[in-house]
Amino acid sequence: MLNIILFGPPGAGKGTQSAKIIEKYGLTHLSTGDVFRYNIKNETDLGILAKAYIDKGELVPDEVTNNMVADFISRSANDKGFIFDGYPRTIAQGQNLDAVLQKMKATVTTMIALEVDENELVKRLLERGKTSGRVDDQNEDTIRNRFKVYQQETSPLAHFYSDQNKYMGVHGMGTIDDIFERICLAIEAKLPA
Ligand code: C5P
Ligand code: MG
């Protein structure tokens, strides 16, 4: 299996690049944010719970998110592998992902981290907020809170994976195609020869 974590702060381009990566490598896309938003739209119990956190730019509790991910993976028929977009977001989530994959005798192949300046991120998110309908993209205070949560809770995952020699930083500024090309080079460096 090829299991790629697409990592980076809000607005880094994870969703945009995921679409291109799954097309090229035939992977299954797991965007935890998209699964939450689908549940919010359908007013499920999970959606109602998650909305209270998401609208403030906070993280949904690890246990809730971890269960959702384990469920998604167990229902997926694709054995080529996954793109994890927006997950893991805490060390506890990273440990859970390892445990879930281990049950399938699989591991995380690599973490691809998109590196983008904060001013560019705010610009992209406010722009997306005009059309995405996402409450968390429309308010600059909520956006700043998402960056704070990212710094405090999510960024330690970079060390978690670099300690395992799995971290690959990719410059995330420029055109979508240029960034995609850099990502492909990073992925191919991790593929068996
Ligand atoms: O990944 P995305 O930016 O779409 O996530 C949107 C929101 O969903 C996050 O700001 C957070 O509130 C919630 N989320 C979470 N835990 C995750 C992924 C997303 O709490 N692992
Ligand atoms: Mg996204």
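The values are calculated or read from the model by the stated rules, or taken from the named source; none is laboratory data. Please read these numbers as outputs of a predicted model, since none were measured by experiment. Please note: Cβ atoms are built from the backbone with ideal geometry, for glycine as well, and neighbour counts cover all protein chains shown. These area figures cover heavy atoms from the full protein model, side chains too; ligands, DNA and RNA do not enter into them. Shrake-Rupley method; radii C 1.70, N 1.55, O 1.52, S 1.80 Å.
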Legend entry - Backbone N within the stretch 6-34 under 18 Å of label point (7 Å from Val135 Cα along the Cβ vector): 33-34
Inset, instruction - Tell me the GluC sites (Glu not before Pro) within the stretch 1-108 that lie in a loop according to DSSP and have at most 11 other beta-carbon atoms within 10 Å. - result: Glu43
Inset, instruction - Grab the Cα-Cα distance for Lys190 and Ser76, subtract it from 0.36 nm times how many residues apart they are, and report the gain in nm with one decimal. - result: 38.7 nm
Inset, instruction - Treating only the Cβ atoms of Lys and Arg (+1) and Asp and Glu (-1) as charged, compute the dipole magnitude of the stretch 1-152 about its Cα centre; round to the nearest 20 debye. - result: 320 debye
Inset, instruction - May I ask you to give the percent of accessible area on the chain that is carbon plus sulfur, with a probe radius of 1.4 Å? - result: 50 percent
Inset, instruction - Once you have a ≥ b ≥ c as the square roots of the Cα gyration tensor eigenvalues for the stretch 84-125, tell me rounded if a/c is under 1.5, and otherwise prolate or oblate according to whether a/b is larger than b/c. - result: prolate
Inset, instruction - Have a look at Met104, Met168, Met68 and tell me which one the Gaussian network model of the chain (Cα, springs below 10 Å) gives the largest fluctuation. - result: Met104
Legend entry - Helix-only [θ]222 nm of the chain, DSSP H runs n ≥ 4, -39500 (n - 2.57) each, per residue, nearest 500: -17000 deg cm²/dmol
Inset, instruction - Check the straight Cα-Cα distances from Lys105 and name the lysines below 30 Å, setting aside those fewer than 8 residues away within the same chain. - result: Lys14, Lys20, Lys24, Lys80, Lys166, Lys190
Inset, instruction - Quick one: grab the alpha carbon gyration tensor of the stretch 72-193, order the square roots of its eigenvalues as a ≥ b ≥ c, and give me rounded if a/c is under 1.5, else prolate or oblate depending on whether a/b is larger than b/c. - result: prolate
Inset, instruction - From largest accessible area down, sort Asp177, Asp62, Asp141; use a 1.4 Å probe on the protein chains. - result: Asp141, Asp177, Asp62
Legend entry - Proximal charge balance of His159 [Cβ under 14 Å; K/R count +1, D/E count -1]: -1
Legend entry - Low-density loop positions, trypsin sites (Lys or Arg not before Pro), the stretch 62-105 - DSSP coil, at most 11 other Cβ in 10 Å: Lys105
Legend entry - Alpha carbon centroid spacing (whole Å) that separates the stretch 83-140 from the stretch 41-59: 16 Å
Legend entry - Distance between modelled label sites at Glu120 and Val64, nm, 7 Å Cα→Cβ extension: 3.3 nm
Legend entry - Accessible area (Å², per residue) of the chain, counting only protein heavy atoms and a probe of 1.4 Å: 52 Å²
Inset, instruction - Would you please calculate the Kirkwood hydrodynamic radius of the stretch 1-90 over all C-alpha pairs and express it in Å, rounded to one decimal? - result: 13.7 Å
